[in-house]
Amino acid sequence: MKHGKLLALALGLSVVFACGKHEDFLYVLPAKEPTNSLAVKVKEIHSSGGIDILWVIDNSGSMDPHQQNVIRNTGLFMQDFLKNRVSWKMGLISTDVSEQPYIGFDKPFDLTDPDPAASFGQAVARLGTNGDATERTFEPVLKAFRDYPGFLRRNTALAVLIVTDAPEQSSIDAATFLPQFRALVGDSRPVFVYSVLAATDIAPPGGCYTQESEFPYAGSPYEAFAQNAKIGRAFSICDPNFGTNMGKIGTELVQQVYRPEIRLARRPRASTIKVLFHDAPLPAGPKDQGGLWYYDQDRNSVVFYDLGFAQGETESVTVDFEPDDGLPDTAPGPVSEG
């Protein structure tokens, strides 16, 4: 009797579960989400890094040739920002503390401008040479940030570019200026300071003629400002390679903030991410170990150190990954601080 009941139960289970499967086993297979594949053209990969740039240009009577140099070479300064699609924003003020900003404060002047070099050149032309003969840098900078607290974006680097043929003549010294400046911009914000000056100790052979009082860069308030920045450099306003220097400044700033990335719509299992170029995998990991990219967990994005591996903007990069299933990802994955 007992054996008969067991036989009946076994026959019943075979009817229920034998739908095309082997009759000896019950298969329970979890549904597996398909691998995601995302193809992106190189020209569509934008940089997540950004920078806010404040120009301080002297508008006293002796500055016309130097302002014209800025106008002529603005394109060289901006070329790497435009080429690499960096998120930039600029503003222009003069060394006359009584004046309002000339561009970038009442409304943003940024990468959305259709012809930024022309727009900035026109702003420099409006600045002119009728400003106060007492040329100040520190006071106008503080005034601009106090009057327009929305100019600076959160978590964005700041560059200050100073162009003048005169010594700094604010009513406050560097020791007073620097803590006030940091209080306005924040202690953690990276700051870059570039001064283009008529200082005697950085002049090219033959000197640098100016109608202003002679002054050295070493030991000056300009140098004190630069020494408290992440990067601080000085160039001569009389350098025959003025345009080349402008291009160098722009290139260096881009190198500091450039982070081309591909944002992912879904969160992946980090260990499954593969980045393919011409159907071959690109190495992941730290740059000093040969890596070309890494995965940023906070931004959920694949970040490249640069895009030098691609010779043409029409080429594509493919990112393949398995979606995060909520289970522990025991493999290390291509995660790096960059």
Please state the charge dipole magnitude for the chain, taken about the Cα centre, from unit charges on C-beta atoms (+1 on K and R, -1 on D and E), reported in debye and rounded to the nearest 20.
-> 1560
Where does each of 280-292, 58-70 land if you order them by average Cβ count within 10 Å, highest first?
-> 58-70, 280-292
Over the chain, the sum of -39500 (n - 2.57) across DSSP H runs of at least four, divided by residue number and rounded to 500 deg cm²/dmol, gives at 222 nm -9000 deg cm²/dmol
Taking alpha-carbon centroids only, the range 61-103 lies from the range 293-328 a number of Å equal to 35
Restricting the count to DSSP beta bridges whose residues both fall in the range 192-338, what percent are antiparallel, rounded to a multiple of 5?
-> 65
Quick one: helix 242-257 against the long Cα principal axis of the chain, what's the angle to the nearest 10°, folded into 0 to 90?
-> 30
In whole angstrom, note down how far apart the Cα centers of the range 180-194 and the range 261-282 are.
-> 36
So for Val302, Val275, fewest C-beta neighbours within 10 Å to most, what's the order?
-> Val275, Val302
Treating every alpha carbon of the range 39-147 as one equal point scatterer without solvent, the Debye formula yields log10 I(q)/I(0) values at q = 0.13 Å⁻¹ of -0.52
Under the definition of Cα pairs under 8 Å and six or more residues apart, what whole-number percent is the relative contact order of the chain?
-> 21
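As a test, work out the antiparallel percent of DSSP beta bridges whose residues both lie in the range 49-257, rounded to the nearest 5. Before the final figure, lay out the partial values.
Values: 2 of 30 bridges.
Taking every DSSP beta bridge within the range 49-257, about 5 percent pair in antiparallel fashion.
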For the range 189-251, state which GluC sites (Glu not before Pro) are in a DSSP loop and have at most 14 other beta carbons lying within 10 Å of their beta carbon.
-> Glu214
Which of the following values of Cα Rg over 2.2 N^0.38 Å was calculated from the structure shown: [x] 1.04; [y] 0.99; [z] 1.47?
-> [z]
List every residue whose amide H lies under 5 Å from the amide H of Ile162, counting only residues 5 or more places away in sequence or on a different chain, with H placed 1.01 Å from N in the peptide plane.
-> Val56, Tyr194, Ser195, Val196
What FRET efficiency, computed as 1/(1 + (r/R0)^6) with R0 = 25 Å and r the Cβ-Cβ distance, is obtained for Ala39 and Lys83, rounded to the nearest 0.05?
-> 0.65
Could you work out how far helix 64-83 tilts from the main Cα principal axis of the chain, as a 0 to 90 degree angle to the nearest 10?
-> 10
Report, to the nearest 10°, how far helix 116-127 tilts away from the longest principal axis of the Cα atoms in the chain, using its own Cα long axis and a range of 0 to 90°.
-> 30
For the chain, compute the number of Lys pairs whose alpha carbons are separated by less than 25 Å, excluding pairs fewer than 8 positions apart on the same chain.
-> 25
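Throughout, read-outs are computed from the coordinates displayed, never taken from laboratory work. For clarity, every value in this text was computed on a predicted model and none was experimentally measured. All Cβ positions, glycine included, derive from the backbone under ideal geometry; neighbour counts span all protein chains shown.
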